[in-house]
1. Between Q52, S24, A84, whose Cα lies farthest towards the positive end of the dipole of the range 21-91 when Lys and Arg beta carbons carry +1 and Asp and Glu beta carbons carry -1, centred on the Cα centre?
2. Hey, if you drop one equal point scatterer on each alpha-carbon of the range 64-210 and run the Debye formula without solvent, what base-10 log of I(q)/I(0) do you get at q = 0.14, 0.20 Å⁻¹?
3. Apply the Karplus parameterisation 6.51 cos²θ - 1.76 cosθ + 1.60, with θ equal to phi minus 60°, to every residue of the range 43-60 and state each ³J(HN,Hα) to the nearest whole Hz, in sequence, with x for glycine and proline.
4. Radius of gyration and Dmax for the range 204-321's Cα atoms, expressed in Å?
5. Give the Rg (one decimal place) followed by the Dmax (whole number) of the range 45-120, computed from C-alpha coordinates and expressed in Å.
6. How would you rank K294, K159, going from fewest to most other Cβ atoms within 10 Å of each one's own Cβ?
7. Could you work out how far the C-alpha centroid of the range 304-322 sits from that of the range 156-207, in angstrom?
8. Please compute the alpha carbon radius of gyration of the range 33-79, then divide it by the globular-protein estimate 2.2 N^0.38 Å. Two decimals is fine.
Amino acid sequence: MEKKNIDWSNLGFGYVKTDYRFVSDFKDGKWDEGRMTEDDKVVISECAGVLQYAQTVFEGMKAYTTQDGRIVTFRPDLNASRMADSARRLEMPVFPEDRFIQAVVDTVKANAAYVPPYGSGATLYIRPYMFGSNPVIGVKPADEYQFRIFVTPVGPYFKGGVKPLTIRVSDFDRAAPHGTGHIKAGLNYAMSLHAIMDAHNQGFDENMYLDAGTRTKVEETGGANFLFITKEGKVVTPKSNSILPSITRRSLMYVAKEYLGLEVEEREVYLEEVKDFAECGLCGTAAVISPVGKIVDHGKEICFPSGMEAMGPVTQKLYDTLTGIQMGRLEAPEGWLKVIE
Ligand code: PLP
Ligand code: COI
């Protein structure tokens, strides 16, 4: 199969229209069988639930070309089950998990010409999403929904690739206790837009959100979970009911323990103790692991010993191991890679 003529190595994290997308409609209480289409336009009522009350959830995952030329996705079963959790929380019908995985496979396969080659530094980002599509004016769930998947080839999420980031402690909250922080709903991202623009305007790459209840504990950023490395080399990640349960983070904790023999701990992390860590990273599908060099807390700087030039040594090992598994250079744990072709 011939690849598209794309400058893979210079892609940013943006949208490139590809040839095919998957669509399935939910009507009269059931999902139809779905179809692959070349039509990238969505036509819905002006009063659709998604437009009026933001009834929409999504997922983010990637397809990779492995060293031996296969196309694989990484743990799509976990995206399927997280999307089901997100849908239930917003009173939306669940797109069956086995059908979700099959639709991901079919959409990637249909767009195989857009899967970046091994070693290019780019990957194929996969965006499953669904939304309420029929008219809703009283505040209630829609009766009709559309589930869709599109794909787009992407490069690094943060400009500058793996250069350490400078982030700030945000005065805005991301998620309320008992709210929707633990699901992947569009509304969580809409409310982060002002905070991220404000951070960028002030020269920061991202926001560190604290727990909204006490504002003493580290939660996550707008699009990634935190990993910290202690001076003794232990991997620590914040535990909270209001952060998104990152599949990358869960995978990295496993990799740290089982592949690298590191001690791992998921626990509440107080802002107060962040200055004592040796390394800090942001992890997620888009972010992979992006190192943090500096955190600014209202003018007070926390500078990690790993510095502003390169990833810390433990973060680097985690990065190499995870990407090694995803690109087929290292053996993956049973069931982590779904081979597409
Ligand atoms: N946290 C937030 C708020 C996110 O949007 C994402 C991205 O999906 C993550 C964390 C990372 O999750 P994952 O590793 O499953 O991509
Ligand atoms: C992802 O990592 O897949 C995400 O959805 C994060 C998003 C902010 C791009």
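Every read-out reported here was derived from the displayed coordinates using simple, explicitly stated rules and does not represent laboratory data. Quick caveat: nothing in here was measured; it's all calculated off a predicted structure. Using ideal geometry, Cβ is built from the backbone for each residue, glycine included, and neighbour counts are taken over all protein chains shown.
1. Checked the options; the winner is A84.
2. Scattering profile of the range 64-210, log10 relative to I(0): -0.92, -1.26.
3. 10, 9, 4, 4, 9, 3, x, 5, 6, 8, 10, 6, 7, 8, 10, 8, 9, x
4. Gyration radius and largest Cα-Cα distance of the range 204-321: 13.0, 39 Å.
5. 15.4, 49
6. In order of increasing Cβ crowding within 10 Å: K159, K294.
7. 22
8. On the way: Rg = 16.4 Å, N = 47, 2.2 N^0.38 = 9.5 Å.
Relative to the 2.2 N^0.38 Å estimate, the range 33-79 comes out at 1.72.
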